[in-house]
Amino acid sequence: MFLPGTRIEIVNDKLTRGNFSAVLFDFDGTLSLVREGWPEVMIPMMIDILAETPQAEDRDGLAEHVEEYVMRLNGKQTIYQMIQLAEEVEKRGGTPREPLEYKQQYHDLLWERVSGRVAGLEDGSIEPETLTVPGSRELLERLKADGCDLYLASGTDLHYVKNELAALQLDSFFLPYVYGALDEHKNFSKKMIIDRLMAENNLDHGGLLGFGDGYVEIEEVKGVGGIAVGVASDEKHRTGINEWKRNRLIRAGADIIIPDYREQDALLQYLADASMN
């Protein structure tokens, strides 16, 4: 069902509402649009690498397979997609490079696409609002004003996250609770962050509210009894629902689906109204 007069889709109406005090956000696609188009960089790179292996299938077959695992692993640290790539090279009779090397190759290619956006944000020629999911700043301001602790956890490398968060002028909402991927990838996961914040804040059922556009964060928030809001953002056009994201987010267990934060009045009223449980 949809909240009346909105695009806010209630997938699970059996929520424990009115109880959240900590809010977790994913970054890319959930708040930031700086990296919009990243699959158009990662997937072709991987197809090119796999096409050179001795037992490679045709490029159409590779494209379908690569897209499946890239998007399935979206939300986890980038290194996991590169670990999968190395395994796929080996399966096809090739000799894989180290996953960290593949990750650096991807970052170099992606930087060619996004460096101008970051530079524009930093020199003031691009307004931060144009590279965020609509309504992001207003939502963060309201949650902060309501006394919520805000956390950010991203599968993107931490130094990139901090740099881009600052360029978007959103860092003050989250500091010091900004987390991202590390080269020692076993020292970070969204599950680790969620478990820690649940313990440190003594949160019970419904105490954590999570926003994300990927499978991983939705699944992990639900795993601790939190409220999971799936942000099915159309990153290219900044309006409307991305149906592919919507379907994936619902399968991951999202309680609510939204396209962006333009209708935050209705969303926050619904989330705060414990009497409707």
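On the basis of being outside any loop (DSSP other than H, G, I, E, B) and under 21 Å from L165 (Cβ atoms), does G37 make the cut? For G37, the condition - outside any loop (DSSP other than H, G, I, E, B) and under 21 Å from L165 (Cβ atoms) - is not met. The residues in the stretch 43-65 that are of a type outside the set (S, T, N, Q), assigned to a loop (DSSP other than H, G, I, E, B) and within 19 Å of E98 (Cα to Cα) can be counted, and the count is 2.
Quick grid of which residues meet (1) without any contact (Cβ under 8 Å) to a residue 60 or more places away in the chain; (2) not charged (D, E, K, R):
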| position | (1), (2) |
| --- | --- |
| G18 | no, yes |
| D28 | no, no |
| E52 | yes, no |
| R59 | yes, no |
| Q84 | yes, yes |
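Of all the criteria given as (1) touching a Lys or Arg at 6+ places or on another chain (Cβ under 7 Å); (2) of a type outside the set (D, E, K, R); (3) in contact (Cβ under 8 Å) with a residue 60 or more places away in the chain, the one not satisfied by Q77 is (1).
From the set of residues in the stretch 65-92 that are more than 17 Å from the chain's Cα centre (by Cα) and of a type outside the set (D, E, K, R), which is surrounded by the fewest Cβ atoms within 10 Å (Cβ to Cβ)? Here the residue is H65.
Within the option set G240, G210, G223, G214, being under 20 Å from T78 (Cα atoms), in the same structural domain as D26 (by TED's automatic domain parsing) and either free of Cβ contacts under 8 Å to residues at least 24 places away in the same chain or not hydrophobic (A, V, I, L, M, F, W, C) (or both) holds for one residue only, G214. Of the set (1) in a helix (DSSP H, G or I); (2) surrounded by fewer than 21 Cβ atoms within 10 Å (Cβ to Cβ); (3) under 18 Å from the mean Cα position of the chain (by Cα), all apply to M198 but (3).
Do you know which residues across the stretch 210-259 are in contact with a helix residue (DSSP H, G or I) (Cβ under 7 Å, 6 or more places away or on another chain) and surrounded by fewer than 24 Cβ atoms within 10 Å (Cβ to Cβ)? Residues satisfying the conditions are Y215, V216, E219, V224, R248, A252, G253, I257. When G18 is tested against (1) modelled with pLDDT under 95; (2) outside the structural domain of L209 (by TED's automatic domain parsing); (3) loosely packed, with under 15 Cβ neighbours inside 10 Å, only condition (2) is not met. Scanning the stretch 24-64 for residues that are crowded, with 21+ Cβ neighbours inside 10 Å, more than 21 Å from Y261 (Cα to Cα) and among the aliphatic types (A, V, I, L, M) yields M42, M46, I49, L50, L62.
Annotation note: of Y69, Y80, Y106, the sole residue that is assigned to a helix (DSSP H, G or I) and either in contact with a strand residue (DSSP E or B) (Cβ under 9 Å, 6 or more places away or on another chain) or in the same structural domain as G29 (by TED's automatic domain parsing) (or both) is Y80.
The values are calculated or read from the model by the stated rules, or taken from the named source; none is laboratory data. For clarity, every value in this text was computed on a predicted model and none was experimentally measured. Reconstructed Cβ throughout: ideal geometry from the backbone, glycine too, with neighbour counts over all protein chains shown.
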